[in-house]
1. In the range 169-183, is there at least one residue being more than 22 Å from residue 278 (Cα to Cα) and either open to solvent by 20 Å² or more (accessible area, probe 1.4 Å) or of a type outside the set (S, T, N, Q) (or both)?
2. Checking the conditions here, which among 245, 303 is under 23 Å from residue 202 (Cα atoms), part of a strand (DSSP E or B) and in contact with a helix residue (DSSP H, G or I) (Cβ under 6 Å, 6 or more places away or on another chain)?
3. Filter the range 162-176 down to the residues that are at pLDDT 90 or above and out of contact with any Leu (no Cβ under 6 Å at 6 or more places or on another chain), then identify the one that is nearest to residue 231 (Cα to Cα).
4. Looking at the structure I just gave you, is residue 169 among the β-branched types (Val, Ile, Thr), in contact with a His (Cβ under 9 Å, 6 or more places away or on another chain) and either in a strand (DSSP E or B) or free of Cβ contacts under 8 Å to residues at least 24 places away in the same chain (or both)?
5. Just checking, does the range 23-39 include any residue being more than 21 Å from residue 105 (Cβ to Cβ), in a strand (DSSP E or B) and open to solvent by less than 70 Å² (accessible area, probe 1.4 Å)?
6. Restricting to the range 279-296, and then to whatever is part of a loop (DSSP other than H, G, I, E, B) and not polar (S, T, N, Q), can you tell me which residue is farthest from residue 198 (Cα to Cα)?
7. Just checking, which of 282, 290 is within 19 Å of residue 383 (Cα to Cα), open to solvent by less than 60 Å² (accessible area, probe 1.4 Å) and of a type in the set (Val, Ile, Thr)?
8. For the range 88-120, how many residues are in contact with a helix residue (DSSP H, G or I) (Cβ under 8 Å, 6 or more places away or on another chain) and either part of a helix (DSSP H, G or I) or small (Gly, Ala, Ser) (or both)?
Amino acid sequence: MTGVYPIGIHLSGKRVIVVGGGPVAARRSSALVEAGALVTVIAPAASSALLALLATGAVTWREREYRTGDLDGAWLVHTATGDDAADANVSADAERDRVWCVNAGDHTSATAWMPAVLRRDDVTVTVAAGGDPRRAIALRDAIGEQLDAHRLPTARHRPRQAGGIVYLVGGGPGDAGLITVRGRDLLADADVVVVDRLAPRSLLSELRDSVLIIDVGKLPGNHPVPQNEINRMLVTHAKAGRRVVRLKGGDPYVLGRGGEEAEYCRANGVEVEVIPGVTSAISVPAAAGIPVTHRGVANGFTVVTGHEEIAAVGGGRDHTVILLMAIAALEGSAAVLAAGRRGAECPVAIIENGYSEDQRVTIGSLGTIADIAARTDVRSPAVVVVGDVVLLSPHAQRAHQLAGKAQL
């Protein structure tokens, strides 16, 4: 379309008229309200969608036909009456009064056009296709797919005006595909990434060169960067106006000390947003074919660390126990659980490096698992599952078959 100059307009606090009461008028009115416009709808009747919007009090309704003079003081008018003559009358008045006009019925007589709009965070993409809305929508959706797949450059090149913020992002059990869309979007837009050892580190290679990556990974018994220093680091960078992503494995609030970090940031005046992740406590057993609950087998589960006292964990083999960070204390933990209702014959599975190429599943019982783990050199990171749900795993079934053959 020739003679068109694409531009965005700021409508916050500006008077905008919508002529018509149908679904199109309702959609446009809603979008205009979101933009902060002072919207007045002129129509003798309103659709159910428009009535719902009117009920919020965000829109003024003149329950009558449009009249010449209704555009006084308006910055923009959108006419969508469904009556070509009525829309043409609005367009003519708008032309005379020098008010920009969107005509839903006849784009050739309009002086402004509504593009197909796509928003991702603070990025807005608009697509105009020569007055063909379906074509514009198809193009918009194709661009959205590319953005969501992180195939388009979205890195910032100008400094942000607002202050910094900390995002506590759960990266899932380690596979890059298991991080949430929100978490991946924030990671792509980060200025600073403070990363744990078990986070999806393969995603770091996708970051732009200017991103500061700080490795605070901890090994069992070796914490080179103390937690209080990590807390201070998050606050320091955020107060410098940076967007800080604290990238963790699993979920930040499941034995990940995310609560401590959020509390410290807020106490020091730094905004925090928590993006949940797929916790390894549930997902890693699933990778081995073990449901933590199953009808008729287990109707509940408890998650604890191997470093804590587990004697108080109740239930029998029908209540699943999931031990995180448990390998170093496995012998003691197994003995405590075996001394209760579960007994020494209760099935146990250890899943090392869940969802990775090096994933390994070791099957045993509370009475044997410590010796088996020592003999096969089981190492962290690993999740230990205790209970009859272990028997549902194909790994347990294969182990049972092999044991049966060995006895023949």
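1. Within the range 169-183, not a single residue is more than 22 Å from residue 278 (Cα to Cα) and either open to solvent by 20 Å² or more (accessible area, probe 1.4 Å) or of a type outside the set (S, T, N, Q) (or both).
2. Going through 245, 303 in turn, just one is under 23 Å from residue 202 (Cα atoms), part of a strand (DSSP E or B) and in contact with a helix residue (DSSP H, G or I) (Cβ under 6 Å, 6 or more places away or on another chain): 245.
3. It comes out as 168.
4. For residue 169, the condition - among the β-branched types (Val, Ile, Thr), in contact with a His (Cβ under 9 Å, 6 or more places away or on another chain) and either in a strand (DSSP E or B) or free of Cβ contacts under 8 Å to residues at least 24 places away in the same chain (or both) - is not met.
5. Within the range 23-39, not a single residue is more than 21 Å from residue 105 (Cβ to Cβ), in a strand (DSSP E or B) and open to solvent by less than 70 Å² (accessible area, probe 1.4 Å).
6. Step by step, filter the range 279-296, then rank; the result is 296.
7. Being within 19 Å of residue 383 (Cα to Cα), open to solvent by less than 60 Å² (accessible area, probe 1.4 Å) and of a type in the set (Val, Ile, Thr) holds for just one of 282, 290, which is 290.
8. 7
The values are calculated or read from the model by the stated rules, or taken from the named source; none is laboratory data. Not measured: the values here are computed from a predicted model. No Cβ is skipped: glycine too gets one built from the backbone with ideal geometry, and neighbour counts run over all protein chains shown. Remember, those area values only see protein heavy atoms, side chains included, never the ligands or the DNA or RNA. Shrake-Rupley method; radii C 1.70, N 1.55, O 1.52, S 1.80 Å.
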